[in-house]
Amino acid sequence: MSTRIPLPYGPRVLELFRNPKNMGPLSNATVVESAGSPACGDMIRLYLRIERDERGEDVIREATFESYGCAANIAAASILTEMVRGKTLKEAWAISWKQISDELGGLPPIKFHCSILAVGALKRAIRAYYKKLGEHPEWLPKDLVQEEKLVLEEEEMIERYYKAMRELLRR
Ligand code: FES
């Protein structure tokens with residue numbers, strides 16, 4: 001008898017976990033940003049190639065990812081890279097973690113954070129792009145939005161945990 005608890009993943013999650021799209025680094029990426037913590041492995045690194053078109057719109061031409069997380073994390077990052085391709089940064093900014101989850105046919109509640117990490121990485125990448133240019137478009141919120149705050153909280157929590165672990169091991 002198996003001692004593992006089966007997770008209620010839908011077929012889309014399993015399909016993208018087994019055959020993820022756009023996985024791997026992008027050598028000519030305009031921005032590369034991560035969300036999550038390498039300490040515990042729940043982490044997404046997102047690569048975006050962005051071009052400013054003749055109308056002055058910043059468009060995502062290519063998106064790839066690396067993931068060190070679970071099946072839901074891989075599936076969320078994979079579908080995100082599909083969803084953002086061809087979108088302007090303003091359109092991509094509007095993608096929510098819930099949309100990612102819906103596109104995947106729904107995630108179990110304990111896996112919502114995998115989708116939040118994917119959107120957190122996207123939002124970081126968009127902010128990093130404009131920071132690099134020294135610009136701040138009017139649609140980009142000045143303050144962190146919910147997903148960005150949650151990602152930060154998670155990173156800080158993991159950092160605190162591993163710091164305590166290191167201290168424990170030194171004793
Ligand atoms: Fe942490 Fe999926 S990335 S459970």
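For this structure, a couple of remarks:
- Test: residue in region 115-131 that is hydroxyl-bearing (Ser, Thr, Tyr) and within 21 Å of Ala29 (Cβ to Cβ): yes
- The listed residues are Glu147, Glu135, Glu156, and the only one of them that is in a helix (DSSP H, G or I) and over 25 Å from Lys21 (Cβ atoms) turns out to be Glu156.
- Within region 28-55, considering residues that are more than 16 Å from the ligand (Cβ to nearest atom) and among the charged types (D, E, K, R), the one nearest to Glu135 (Cα to Cα): Arg52
- Looking across Met165, Met157, one residue alone is among the hydrophobic types (A, V, I, L, M, F, W, C), modelled with pLDDT under 95, within 16 Å of the ligand (Cβ to nearest atom) and farther than 25 Å from Pro8 by Cβ. It is Met157.
- Residue within region 56-70 that is in a loop (DSSP other than H, G, I, E, B), farther than 19 Å from Met23 by Cα and away from the ligand (no atom under 16 Å from the Cβ) present: yes
- Filter result for Lys142 (at pLDDT 95 or above, farther than 18 Å from Leu48 by Cβ and more than 15 Å from the chain's Cα centre (by Cα)): yes
- Residue list for region 71-128, filter: touching a Pro at 6+ places or on another chain (Cβ under 6 Å) and outside any helix (DSSP H, G or I): Pro108
- Per-region count, region 4-23, residues away from the ligand (no atom under 16 Å from the Cβ) and farther than 16 Å from Ala75 by Cβ: 0
- Pairs, first within 18 Å of Gly56 (Cβ to Cβ) in region 124-138, second surrounded by 15 or more Cβ atoms within 10 Å (Cβ to Cβ) and aromatic (Phe, Trp, Tyr), C-beta under 7 Å, six or more apart: Ile126/Trp93; His136/Tyr130; Pro137/Tyr130
- Close pairs from region 42-66: first at negative phi and free of Cβ contacts under 8 Å to residues at least 12 places away in the same chain, partner within 16 Å of the ligand (Cβ to nearest atom) and assigned to a loop (DSSP other than H, G, I, E, B), Cβ under 8 Å, at least 6 apart: none
- Those residues of region 89-106 which are over 12 Å from the mean Cα position of the chain (by Cα) and surrounded by fewer than 17 Cβ atoms within 10 Å (Cβ to Cβ), in sequence order: Lys90, Glu91, Ala94, Lys98, Gln99, Asp102, Gly105, Gly106
- Search result, residues across region 33-51 that are assigned to a strand (DSSP E or B) and under 11 Å from the mean Cα position of the chain (by Cα): Glu33, Ser34, Ala35, Gly36, Met43, Ile44, Arg45, Leu46, Tyr47
- Just one residue in the set Ala77, Ala72, Ala118 is surrounded by 23 or more Cβ atoms within 10 Å (Cβ to Cβ), under 9 Å from the mean Cα position of the chain (by Cα) and within 16 Å of Tyr9 (Cα to Cα); that residue is Ala77.
The values are calculated or read from the model by the stated rules, or taken from the named source; none is laboratory data. Fair warning: this is a prediction, and the values are worked out from it, not measured in the lab. Ideal geometry is used to build each Cβ from the backbone, glycine not excepted, and the neighbour counts take in all protein chains shown.
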